[in-house]
Each structure stands twice: as C-alpha cells, then as structure tokens.
Amino acid sequence: MFVSGIKCIKRRSVISLAIVLIYFLLCMTGFVLFANLQLDHTEGRTLDARHRGAPEGKRRISVIIPARDEEKSLPNLLRSLKEQTLQPDEIIVVDDFSSDRTREIAEEYPVRIVSNPPLPEGWTGKNWTVWNGYLHSTGEILIFLDADIRLAPNALHSLVATRERCGGAISVIPYHQMEKFYERLSMVLNILGLLSFTSPFERKSNTQGLYGSCIVAVRSDYRKINGHSSVRSEIMDDLSLGKRFSESGIPVNNFLGTDQVSYRMYPGGLRSEIEGFGKSAVSGMKAMRHSTICLVAMWVVGFVTIEILTPFVLILNHSLARWFLISYLIYTVQIFYFVKYTGNYKVFIPVFHGLSSLFMVYIMLYSHYRLKIVGSIPWKGRQVHAGGGQNQ
C-alpha cells in the first residue's frame with residue numbers, strides 16, 4: 001500500500017509538471033512571434049541627406065487623411081499635426097460624404113479639403129477616398145493616416161527617418177488609447193494583430209502586408225504599383241497593398257507605434273467596435289502565412305483552454321488546481337508584457353482576460369456569419385461585401 005501511494009504521488013507529480021510544461025511551451029509561441037520593432041527616435045537629429053534631396057530644400061511631404069463621420073477623432077489628429085517638429089507641406093482631408101461635423105472641423109485648420117466623388121462600382125469606400133486624396137497631392141513623400149490617429153510631436157520626423165533608413169513602404173501598428181470598458185474588450189484581438197504583424201515569418205515573406213492606419217511611401221513607389229487603385233475592391237486593403245509593394249520588389253516593414261503613434265479606434269460605441277473588427281477578423285488571418293497562423297493558433301489554444309479549465313479545477317478544489325493556476329499566471333504575466341506595446345488596458349481585463357477571449361470568439365463568429373453567410377457587413381452607413389466593393 002505504501003509503494004502504491006508513492007507511485008500515485010509520482011504519477012501526480014509527472015502530470016502536474018506536464019501541465020505546466022505544455023502551457024509554458026504554448027505561451028512561448030507568443031514570444032516567438034513578437035518583435036519589438038520601434039520607429040527611429042529622432043529627437044535632436046536632422047534628417048538624412050537623402051531625404052533633404054535637392055539643394056533647395058527637403059522633399060515635399062503630403063499627409064492624406066480619409067474621413068467619413070470623424071467629428072470625434074479628427075480634431076485630435078489635426079491638433080497633433082500642428083505640433084509636429086517636422087511640418088508637412090500639405091495636409092489633405094478627403095471628406096467622404098460625412099453626415100456629421102467632419103467638414104466643419106477640418107475647415108478650422110490649415111488643411112486642404114477634398115470632397116470625395118461618388119463611389120464607383122467595384123471600389124470600397126476607404127480605397128476610393130485615399131486614392132482621391134493621392135490624386136490631389138503633390139508631395140514626394142506620402143503619409144496616409146486614418147482620422148483616429150494621434151501623433152507625438154516628433155512622430156512625422158520619426159516616420160520619415162525610419163522610411164529613409166528602411167526604404168520602400170512602412171506602416172505603424174498604433175498604440176491603443178481607450179477610455180471606456182467596452183473598448184478594452186478588444187485586448188486579445190489587438191494582441192493577435194500585434195503578433196501577426198511582427199511575426200518573423202511575415203517579415204521574411206515576399207508578400208508582407210501593411211497596417212492601414214499609418215502608411216508611409218514615396219510617390220514613385222506608390223505610382224509604380226498604381227496605389228490603392230490596384231486594390232480597389234479589397235476589404236483588407238492594407239494587407240493587399242503591402243503585397244503589391246512586395247511583389248514589385250519594394251521593401252515593406254512594419255513598426256510599433258508605442259509612444260509615437262496612437263489612436264482611439266471606436267469612440268462611437270460597442271456596435272461600431274463589433275462592426276469594425278468584424279469586417280476584418282476572418283479575412284485578416286487568411287492573409288497570413290501558414291507558419292504564423294499555426295503559431296497563433298497554438299497560442300490561442302493554450303490561452304483559451306487555460307481560461308476555461310482554471311476556474312473549474314479551482315471550484316472543484318482538484319488536486320491539480322494550483323498547477324492550472326500557475327499556468328494561468330504565466331499567460332497573465334505575458335499579457336501584461338504585450339499590452340505595454342498594444343494599449344492602455346489597465347489591470348482588470350489583463351487579469352480577467354477570459355472576458356476579452358469571449359469577445360474575440362463572438363467577433364470571429366459574427367465576422368464569419370456576416371461575410372460567409374449574409375455576404376456583407378455594415379460599416380459607416382455602407383455595406384461591405386465579402387467579394388469586394390461597397391454600396392453607397
């Protein structure tokens with residue numbers, strides 16, 4: 001009996017060690033995917049001579065902002081542009097049939113306002129808006145910014161310097177500034193985006209995508225691929241645009257916004273957040289390389305199962321409860337590390353991250369239902385179709 005008791009203890013120890021080891025390895029896939037890719041910090045530095053170009057001065061910089069019903073977000077961006085250490089030569093706001101005060105707000109700033117023409121068949125709204133902004137621009141350096149972007153005073157300088165160092169096109173994954181609880185439910189979705197865009201497999205890919213909220217390219221490269229016109233019907237225009245650059249031999253690099261580039265994505269409420277994530281959740285993962293998808297899936301499986309199992313074994317006071325709790329804490333520590341680069345999620349959601357996982361599952365199901373079964377998803381008063389294009 002004593003011998004059988006010893007064997008039982010050993011078996012239980014092996015199982016306990018196996019549980020922690022399995023979840024530790026699944027957790028580590030997140031670190032395999034993540035890379036801390038920061039923009040160049042340029043305080044006190046002058047731009048590279050290549051940017052300054054001709055003796056008569058620096059190359060012209062055009063900032064292009066597509067805007068549709070952005071009265072809550074646009075003032076923050078336009079104020080931050082006024083405070084830049086490197087001032088752009090022109091700021092173009094393309095008003096895409098806004099029904100709120102977007103145009104009136106833009107008129108309060110020294111910007112050029114372009115009224116977007118009616119949406120042609122076969123185009124998505126944002127692609128059409130950005131393309132028309134480009135057609136009205138004159139700069140050699142093109143900086144495409146979503147209206148919800150917020151820039152630190154040295155951000156444009158950093159963006160231009162980083163693009164000059166890397167060449168080609170760059171984009172930035174902005175840091176999320178959130179004010180309400182519903183916004184913080186997006187934590188897991190945004191961490192998955194972070195892992196996908198910084199994945200070493202994507203960085204080595206010849207079809208790497210861009211992050212559409214903040215893109216910088218030179219005019220000649222953008223013209224070479226025919227810009228957003230070449231991806232006119234794509235829902236995931238940023239991923240498709242990056243692929244076009246890569247296929248044309250133009251380097252593509254992604255960076256983290258951290259303390260330079262941030263945004264508040266969905267100040268308009270939970271519904272807009274669901275629709276915003278829903279239009280890209282399923283399509284976005286399909287655009288990634290299989291190696292990235294595999295490791296992301298492993299991380300998610302470990303993450304979700306430990307969230308489900310840990311409360312049950314604790315409630316049942318199971319002998320393995322503390323080992324599941326240790327595994328849960330390992331994931332939680334990692335979450336706190338990742339949110340340093342993702343957004344101001346505070347403490348509650350990172351600790352009780354199962355709430356954010358439930359939101360992720362809902363978004364995936366909603367996205368699949370709307371795009372695969374219904375065939376379209378609503379976004380800013382238009383229907384985005386699964387096959388591309390939008391209704392007015």
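The values are calculated or read from the model by the stated rules, or taken from the named source; none is laboratory data. As the structure is a computational prediction, the values presented were derived from the model and not from experiment. Here Cβ is always computed from backbone atoms with ideal geometry, including for glycine, and neighbour counts include all displayed protein chains.
General remarks:
- The criterion of being in the same structural domain as I19 (by TED's automatic domain parsing), without any contact (Cβ under 8 Å) to a residue 40 or more places away in the chain and among the hydrophobic types (A, V, I, L, M, F, W, C) does not hold for V304.
- Of the strands (runs of 3 or more DSSP E) lying entirely inside segment 60-157, none contains at least 3 residues that are outside the structural domain of S262 (by TED's automatic domain parsing) and touching a strand residue (DSSP E or B) at 6+ places or on another chain (Cβ under 6 Å).
- Number of the condition not met by F197 [criteria: (1) modelled with pLDDT of 95 or more; (2) closer than 15 Å to G257 by Cα]: (1)
- Filter result (out of contact with any Ser or Thr (no Cβ under 9 Å at 6 or more places or on another chain) and either part of a helix (DSSP H, G or I) or assigned by TED's automatic domain parsing to the domain that holds Y341 (or both)) within segment 231-267: F245
- Per-region count, segment 161-174, residues surrounded by 20 or more Cβ atoms within 10 Å (Cβ to Cβ) and out of contact with any Lys or Arg (no Cβ under 9 Å at 6 or more places or on another chain): 5
- Those residues of segment 179-202 which are in a loop (DSSP other than H, G, I, E, B) and either touching a strand residue (DSSP E or B) at 6+ places or on another chain (Cβ under 6 Å) or crowded, with 21+ Cβ neighbours inside 10 Å (or both), in sequence order: L185, S186, S199
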